[in-house]
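J.: Here you go, one structure.
The values are calculated or read from the model by the stated rules, or taken from the named source; none is laboratory data. Here the structure is a predicted model, which means the values were calculated and not measured. For neighbour counting, all protein chains shown are included, and Cβ atoms are generated from backbone atoms with ideal geometry for every residue, glycine included. Each accessible area value is taken on the protein alone, full model and side chains, heavy atoms only, with ligands, DNA and RNA left out. Shrake-Rupley method; radii C 1.70, N 1.55, O 1.52, S 1.80 Å.
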Amino acid sequence: MTDAVSARLAELGLILPEPAAPVAAYVPTVEANGLVHVSGQVSFVDGKLFRGRLGEDVTLEQGILAAQGCGLMILAQVKAALGGSLDRVERIVKLGAFINSTPDFTDQPKVANGASELMLAVFGDAGRHARSAVGVPALPLGVAVEIDAVVAVRPA
């Protein structure tokens with residue numbers, strides 16, 4: 001069964017990865033009061049963890065792709081939480097982007113655009129969201145980017 005959002009992803013040539021299992025004591029998503037809270041999703045590119053630090057061994061372009069990978073994993077987690085369809089998504093409310101970067105790297109917002117622009121491409125105006133993009137000295141597993149999300153959903 002193909003839902004409208006899956007059809008849009010296919011139009012864009014994007015494939016959602018399998019939802020990653022948690023690596024510690026948490027769950028990938030929690031649905032409460034019409035919102036799906038998505039735990040931080042780390043950067044996967046071409047099915048592999050994308051490690052490194054912006055401003056050191058990762059270029060801006062690679063960081064943008066890493067953020068897009070986080071965005072795809074967010075969508076995969078939401079799809080799993082909603083029983084296999086993204087059609088209940090009403091709006092992307094907020095993304096929180098954490099960029100593994102050197103102290104002198106200041107393009108965190110450009111990196112986070114990899115996920116933000118993905119949400120706009122997939123959901124149109126419903127993909128417009130509030131956001132934070134911060135630089136951090138390290139991330140779990142040495143990844144370049146980690147992004148969490150809050151997604152508004154329609155009742156089942």
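J.: Give all pairs with beta carbons closer than 7 Å in which a residue from region 1-30 that is over 13 Å from residue 75 (Cα atoms) meets a residue that is aliphatic (A, V, I, L, M) and modelled with pLDDT under 90; count only pairs at least 6 apart in sequence or on separate chains.
T.: Cβ pairs passing all conditions: none.
J.: If I go through region 4-36 residue by residue, how many of them are among the hydroxyl-bearing types (Ser, Thr, Tyr) and either at positive phi or open to solvent by 40 Å² or more (accessible area, probe 1.4 Å) (or both)?
T.: We begin by selecting, within region 4-36, every residue among the hydroxyl-bearing types (Ser, Thr, Tyr); these are 6, 26, 29.
Next, from what is left, pick out any that are either at positive phi or open to solvent by 40 Å² or more (accessible area, probe 1.4 Å) (or both): 26.
Adding up the residues that qualify gives 1.
J.: Based on this model, can you work out whether residue 117 counts as open to solvent by 60 Å² or more (accessible area, probe 1.4 Å), under 20 Å from residue 145 (Cβ atoms) and either at pLDDT 95 or above or under 15 Å from the mean Cα position of the chain (by Cα) (or both)?
T.: Working: open to solvent by 60 Å² or more (accessible area, probe 1.4 Å): yes; under 20 Å from residue 145 (Cβ atoms): yes; either at pLDDT 95 or above or under 15 Å from the mean Cα position of the chain (by Cα) (or both): yes.
Considered against the rule, which asks whether it is open to solvent by 60 Å² or more (accessible area, probe 1.4 Å), under 20 Å from residue 145 (Cβ atoms) and either at pLDDT 95 or above or under 15 Å from the mean Cα position of the chain (by Cα) (or both), residue 117 comes out as yes.
J.: Take the residues in region 127-147 that are under 15 Å from the mean Cα position of the chain (by Cα) and not aliphatic (A, V, I, L, M); name whichever of them is surrounded by the most Cβ atoms within 10 Å (Cβ to Cβ).
T.: Residue satisfying both the conditions and the ranking: 146.
J.: Just one of the numbered conditions (1) assigned to a strand (DSSP E or B); (2) within 23 Å of residue 133 (Cβ to Cβ) is not true of residue 114; which one?
T.: With respect to (1) assigned to a strand (DSSP E or B); (2) within 23 Å of residue 133 (Cβ to Cβ), residue 114 is out only on (1).
J.: Another question about this same structure. Please find, within region 34-63, the residue that is nearest to residue 96 (Cα to Cα) out of those that are in contact with a strand residue (DSSP E or B) (Cβ under 9 Å, 6 or more places away or on another chain) and part of a helix (DSSP H, G or I).
T.: So the residue we want is 63.
J.: Only one residue in 13, 83, 114 is under 18 Å from residue 143 (Cβ atoms) and of a type outside the set (A, V, I, L, M, F, W, C). Which one? Let's see the steps before the verdict.
T.: Values: 13 fails: under 18 Å from residue 143 (Cβ atoms); 83 fails: under 18 Å from residue 143 (Cβ atoms).
Answer to the check: 114.
J.: Follow-up question, since we're still on this one. Does region 84-94 contain any residue that is touching a residue at least 40 places away in the same chain (Cβ under 8 Å), farther than 20 Å from residue 126 by Cα and among the hydroxyl-bearing types (Ser, Thr, Tyr)?
T.: Looking for residues that are touching a residue at least 40 places away in the same chain (Cβ under 8 Å), farther than 20 Å from residue 126 by Cα and among the hydroxyl-bearing types (Ser, Thr, Tyr), one finds none in region 84-94, hence no.
J.: Within region 1-33, track down each residue that is within 13 Å of the chain's Cα centre (by Cα), polar (S, T, N, Q) and either over 18 Å from residue 122 (Cβ atoms) or part of a helix (DSSP H, G or I) (or both).
T.: Step one: filter region 1-33 for residues within 13 Å of the chain's Cα centre (by Cα), giving 16-17, 19-20, 28-29.
Within this subset, residues satisfying the condition of being polar (S, T, N, Q) are 29.
None - no residue of region 1-33 is within 13 Å of the chain's Cα centre (by Cα), polar (S, T, N, Q) and either over 18 Å from residue 122 (Cβ atoms) or part of a helix (DSSP H, G or I) (or both), so the list stays empty.
J.: Scan region 64-95 residue by residue and report those that are assigned to a helix (DSSP H, G or I) and either modelled with pLDDT under 95 or open to solvent by 50 Å² or more (accessible area, probe 1.4 Å) (or both). First the steps, then the outcome.
T.: Keep residues of region 64-95 that are assigned to a helix (DSSP H, G or I), which gives 64-81.
Within region 64-95, 64, 65, 68, 79, 80 qualify.
J.: Counting just the residues of region 136-156 that are farther than 20 Å from residue 45 by Cα and touching a Leu at 6+ places or on another chain (Cβ under 9 Å), which one comes out modelled with the lowest pLDDT?
T.: Applying the filter and picking the extreme gives 156.
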